[in-house]
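Accompanying notes for the structure given below.
The numbers here are math on the coordinates, done by the rules we state, and not lab data. Bear in mind the structure is a predicted one, so any value in this text is a computation, not a measurement. When we count neighbours, we look across all protein chains shown, and the Cβ atoms used for this are built from the backbone with ideal geometry, even at glycine.
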Amino acid sequence: MNLAECIRNVPDFPKPGIQFKDISTLLLVPEAFRETVRRFRERYAPMDVQGIVGVDARGFVFGGALAYEMGIPFIMARKPGKLPADTVSESYSLEYGEATLEIHRDGIAPGQRVLIMDDLLATGGTVGAVAKMLRKLGGEVVEAAFLVELPPLRGRENLAAMGVPVFSLVEFMVD
Ligand code: AMP
């Protein structure tokens, strides 16, 4: 099944020059959503993954589904002010702006082997910030998984420099 064909390109969103890869159209096709989760499960079921950290908000969709399938904990990395208990936070730059994410301190146990999931890898700033938070809490980042990767934005190289391997299902050569 061609997952790339299920993803809509929206030019100039949220600002001029950005080619927004809209995964909401893939979620409208149940076979495509199931195939996406099946491919992630195929890769991670044989690995020793002890938790999945999903990035607010689209990372919750795929990360939540995979954690359910694998029967392992799901941890939310949320936008500021949403998590009620004690948190760690990290700020970073995006392809189109600045942002901060937070994780509950008690969401990660020291030595826990975790997978980070988001819908799309651009520069790697978002997931790099999540990896920093996880490491602050003593977690071990096994890999970062994405439905979409934009190779020209060099996220894979930027995350490799931090010791975070990348896995993605679909690549688009846009910048
Ligand atoms: P980055 O931190 O640069 O890797 O950007 C990745 C984050 O921003 C992810 O949470 C994406 O959902 C979002 N994002 C960045 N660029 C795009 C894009 N061209 N299309 C859709 N989402 C994007």
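Computed quantities for the displayed model
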| read-out | value |
| --- | --- |
| All positions within the stretch 64-88 that are in contact (Cβ under 8 Å) with a residue 40 or more places away in the chain and closer than 25 Å to Ile18 by Cβ | Ala77 |
| Whichever residue in the stretch 129-163 is within 14 Å of the ligand (Cβ to nearest atom) and touching a residue at least 60 places away in the same chain (Cβ under 8 Å) and, among such residues, is farthest from Arg39 (Cα to Cα) | Val130 |
| Residue among Val166, Val174 that is more than 16 Å from Asp118 (Cα to Cα) and in contact (Cβ under 8 Å) with a residue 12 or more places away in the chain | Val174 |
| Restricting the stretch 85-131 to residues that are of a type in the set (Gly, Ala, Ser) and in contact with an Asp or Glu (Cβ under 6 Å, 6 or more places away or on another chain), the residue that is nearest to Gly54 (Cα to Cα) | Ala129 |
| Residues satisfying the stated conditions in the stretch 33-64, i.e. touching an Asp or Glu at 6+ places or on another chain (Cβ under 7 Å), within 16 Å of the ligand (Cβ to nearest atom) and among the β-branched types (Val, Ile, Thr) | Val55 |
| Long-range neighbours under 7 Å by Cβ, at least six apart or interchain, first residue farther than 12 Å from Phe74 by Cβ within the stretch 50-63, second among the aromatic types (Phe, Trp, Tyr) and within 11 Å of the ligand (Cβ to nearest atom) | none |
| Pairs with Cβ under 9 Å, 6+ apart, first in the stretch 1-24 and over 21 Å from Thr123 (Cβ atoms), second among the polar types (S, T, N, Q) | Leu3/Thr36; Cys6/Thr25; Cys6/Thr36; Arg8/Ser24; Arg8/Thr25 |
| Count - residues of the stretch 89-128 that are closer than 19 Å to Gly163 by Cβ and either free of Cβ contacts under 8 Å to residues at least 12 places away in the same chain or within 8 Å of the ligand (Cβ to nearest atom) (or both) | 9 |
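This table checks each residue for (1) polar (S, T, N, Q); (2) crowded, with 20+ Cβ neighbours inside 10 Å; (3) part of a helix (DSSP H, G or I); (4) over 15 Å from the mean Cα position of the chain (by Cα).
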| residue | (1), (2), (3), (4) |
| --- | --- |
| Leu120 | no, yes, no, no |
| Thr126 | yes, yes, yes, no |
| Val130 | no, yes, yes, no |
| Arg135 | no, no, yes, yes |
| Ala145 | no, yes, no, no |
| Pro152 | no, no, yes, yes |
| Leu159 | no, yes, yes, no |
| Asp175 | no, no, no, yes |
